[in-house]
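Reviewing the structure listed below.
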Amino acid sequence: MRHALRWIVMAGVWSALAGTAWGAEAPVPPAESSSTILEAIAFYAMAAVALLSGLAILVSRNLVRNVVCLLAALGAVAGLYFLLAANLLGAIQLIVYAGGTLVLITFGVMLTSRPGSDRQLVRGWERIAGGVVCVTLFIGLCMVLLCTEWATVAASAEPTTVAAVGRALLTDYLVPFELASVLLLVMLIGAAYLVRRDGESGAEDDADRC
Amino acid sequence: MWTIGLTHYLILAAMLFCIGVAVIVTKRNAIGILFGVELILNAGNLNLVAFSRYRGADIAGQVVAMFGIVLAAAEAAIAVAIVVNLYNATATIDVDSATTLRG
């Protein structure tokens with residue numbers, strides 16, 4: 001069982017990386033039959049990796065294994081971004097998410113895990129109720145999605161350039177852009193403040209400052 | 001089946017979203033809940049990028065998805081800080097046992 005899970009996770013990681021590389025090399029085939037089938041194969045492969053990694057996160061109780069599964073899921077989503085002709089966003093997903101956020105979460109796991117002491121999942125009937133809620137939610141979402149007439153335009157063949165995204169960021173979306181930088185600064189200060197360590201007098205200090 | 005359209009991506013994102021919700025409701029571990037939040041944010045970003053592509057290469061979806069990634073990074077940093085704080089205060093990160101706000 002353990003070895004099987006390990007092999008599944010390894011296969012997920014490698015197929016995500018391979019799918020990402022493939023998607024980066026051959027983005028957005030125009031409407032021809034063979035490249036359409038290739039795009040479909042890439043889509044289904046990366047969708048399968050993302051969904052299987054998500055399900056592995058759902059059932060696995062080992063947090064480190066969960067981190068590796070999340071890495072595979074993020075890599076697969078980055079591959080889907082490449083397939084959707086959003087090259088810059090795929091690269092950002094790999095750098096920021098898979099490179100930065102995941103390392104942060106790994107540190108969180110390492111700092112807070114005690115082996116074998118905590119129960120990871122809720123009780124049995126709560127698990128079943130959660131599953132029923134999620135399946136119902138999915139069925140409802142699918143009914144809405146399939147019943148809606150989406151006004152799609154034929155997808156253009158060329159990928160979005162970095163220059164276009166940068167121009168949009170600095171013209172139309174300048175205010176959210178600056179707000180994001182302020183948010184990152186606030187997040188940095190807040191995180192450093194939250195995890196500061198000043199012994200037993202922390203509570204009194206908090207009361208004084210408030 | 002072999003022509004990938006907007007609906008394929010939307011259904012995949014719906015699946016990812018529902019898996020994320022299931023992870024959030026079934027985990028007792030605070031870090032485990034964070035995994036579910038990351039899955040949900042990825043599903044939302046995937047929706048945005050898919051709409052951006054299939055509505056005539058409108059760049060707005062990609063820009064908003066980029067802001068989503070920034071928000072997710074900030075959220076993860078704050079969440080990990082809070083979880084480490086919770087662990088320092090109560091020696092556990094079981095969310096069912098964290099019933100008081102003042103540690």
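The values are calculated or read from the model by the stated rules, or taken from the named source; none is laboratory data. None of these values were measured; they are calculated from a predicted model. No Cβ is skipped: glycine too gets one built from the backbone with ideal geometry, and neighbour counts run over all protein chains shown. Note: accessible area is taken over every heavy atom of the protein model, side chains too, but ligands, DNA and RNA are not part of it. Shrake-Rupley method; radii C 1.70, N 1.55, O 1.52, S 1.80 Å.
On the protein heavy atoms, probe 1.4 angstrom, tell me the percent of accessible surface of segment A:31-173 carried by carbon and sulfur.
72
So, R0 is 25 Å and r is the distance between the beta-carbons of B:Thr90 and A:Arg127; what FRET efficiency does that work out to, to 0.05?
Working from the Cβ atoms, E equals 0.55.
Per residue of A:41-50, what is the mean number of Cβ atoms on other protein chains within 10 angstrom of that residue's Cβ?
Partner-chain Cβ atoms within 10 Å, mean over residues of A:41-50: 3.
Helix B:60-90 versus the longest principal axis of chain B: what is the Cα-based angle in degrees, 0 to 90, to the nearest 10?
Around 10 degrees separate the two axes.
Looking only at other chains, what is the average number of their beta-carbon atoms within 10 angstrom of each beta-carbon in A:158-169?
3
What percentage of the solvent-accessible surface of chain B, computed with a 1.4 Å probe over protein heavy atoms, is contributed by carbon and sulfur atoms?
Solvent-exposed carbon and sulfur of chain B make up 67 percent of the total.
What is the set of long-range amide H partners of A:Leu121 at a cut-off below 5 Å, with H atoms built 1.01 Å from backbone N?
Those qualifying (amide H under 5 Å, at least 5 residues apart or on another chain) are B:Arg28.
Which of the GluC sites (Glu not before Pro) found in segment A:124-183 are in a DSSP loop and have at most 12 neighbouring Cβ atoms, other than their own, within 10 Å? Don't skip to the end; give the middle numbers.
Values: sites: A:Glu126, A:Glu149, A:Glu178; in loops: A:Glu149.
Answer in residue order: A:Glu149.
Net charge around B:Val84, counting only other residues with Cβ within less than 13 Å of its Cβ (Lys, Arg = +1; Asp, Glu = -1)?
+2
Output the peptides A:104-114, B:30-40, B:69-79 sorted from most to least packed, where packing is the average of other Cβ atoms within 10 Å over each peptide's residues.
Ranked by mean Cβ neighbours within 10 Å, highest first: B:30-40, B:69-79, A:104-114.
Between helix B:30-54 and chain B, what is the angle of the helix's C-alpha long axis to the longest principal axis, kept within 0 to 90° and rounded to the nearest 10?
That helix lies at roughly 10 degrees to the long axis.
Inside 10 Å of the C-beta atoms of A:87-99, what's the mean count of C-beta atoms belonging to other chains? The partial results should precede the final answer.
Numbers: counts 1, 2, 11, 1, 0, 5, 8, 0, 1, 5, 8, 0, 0.
Per-residue shielding by partner chains comes out at 3.
Please list, by residue number, everything in segment B:29-63 whose backbone N is under 17 Å from a paramagnetic label point 7 Å out along Cα→Cβ of A:Thr171.
From segment B:29-63, the list is B:57-63.
As a test of the definition: with a 1.4 Å probe, what buried accessible area, both sides summed, do you compute for B against A, in Å² to the nearest 100? Could you put the intermediate results ahead of the total?
Values: alone 7370 and 15680 Å², together 15940 Å².
Summed over both sides, the interface buries about 7100 Å².
Roll a 1.4 Å probe over the protein heavy atoms and report the accessible area of A:Tyr193 in Å², nearest 10.
Estimated to the nearest 10 Å², A:Tyr193 gives 100 Å².
Any idea of A:Met46's accessible area? Nearest 10 Å², probe 1.4 Å.
10
Most mobile of B:Leu41, B:Leu86, B:Leu16 per a Gaussian network model of chain B (Cα springs, under 10 Å)?
Maximum among the listed residues: B:Leu86.
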